[in-house]
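Trainee: I am attaching a structure below and will ask some questions about it afterwards.
The values are calculated or read from the model by the stated rules, or taken from the named source; none is laboratory data. Keep in mind that this is a model prediction, so the values were computed, not measured. Cβ atoms come from the backbone with ideal geometry, glycine included; neighbour counts cover every protein chain shown.
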Amino acid sequence: MKGNYKIINVLSEIQKKNLLLELIEQISKDFSLSGVSLNLEKDCNPTQMVVILKEKINSLLKGDFSKLLSILYRIDVPENIWNKEEVINNTALTDKIIFQILQKEIQKIYFRNKNLL
């Protein structure tokens, strides 16, 4: 639960800067380019976004780990964020992955919009 709070706080800051829609589009694009559909509505709030990402990451951890690795590679999330034990017990791992995905995607948006921030 602690991880969710941290993630939602980051997303709330992005929302305050009116960049949430751009973040949603970027994440959806990267998942799609990796062959994974992500049903993120353009008007979803930070909490909904976390729930949707958590469901998708958990599903990929359990069912299609290679697609998850493809997404993480595309987004440039380092593979050393988890260890073998975490992959087996993926409760905390999901939050770690989501946080890393958001961090990298926010970096992309920041560099694209650095004159606006």
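Trainee: Could you pull out the residue among Ile101, Ile109, Ile88 that is at pLDDT 90 or above and on the phi < 0 side of the Ramachandran plot?
Mentor: The match here is Ile101.
Trainee: Within the stretch 19-38, is there a residue that is of a type in the set (Lys, Arg) and touching an Asp or Glu at 6+ places or on another chain (Cβ under 7 Å)?
Mentor: Within the stretch 19-38, none of the residues are of a type in the set (Lys, Arg) and touching an Asp or Glu at 6+ places or on another chain (Cβ under 7 Å).
Trainee: If Asp76 meets every condition in (1) of a type in the set (D, E, K, R); (2) at pLDDT below 90; (3) in contact with a Lys or Arg (Cβ under 9 Å, 6 or more places away or on another chain); (4) surrounded by fewer than 18 Cβ atoms within 10 Å (Cβ to Cβ) apart from one, which number is that one?
Mentor: (2) is the only condition that Asp76 fails.
Trainee: Has the stretch 65-73 got at least one residue that is modelled with pLDDT under 85 and within 22 Å of Ile109 (Cα to Cα)?
Mentor: No, every residue in the stretch 65-73 fails to be modelled with pLDDT under 85 and within 22 Å of Ile109 (Cα to Cα).
Trainee: Taking only pairs six or more apart or across chains, which ones have beta-carbon atoms under 8 Å, a first residue in the stretch 10-22 that is more than 11 Å from Ile109 (Cα to Cα), and a second residue that is aromatic (Phe, Trp, Tyr)?
Mentor: Qualifying pairs under 8 Å: Val10/Phe99.
Trainee: Taking the stretch 28-55 on its own, how many of its residues are assigned to a loop (DSSP other than H, G, I, E, B), under 20 Å from Lys108 (Cα atoms) and either small (Gly, Ala, Ser) or in contact (Cβ under 8 Å) with a residue 40 or more places away in the chain (or both)?
Mentor: Count: 1.
Trainee: Still on this structure, please answer the following. Could we say that Asn18 is more than 11 Å from the chain's Cα centre (by Cα), more than 17 Å from Val77 (Cβ to Cβ), assigned to a helix (DSSP H, G or I) and modelled with pLDDT under 90 here?
Mentor: Here the answer is no, as Asn18 does not meet what is asked.
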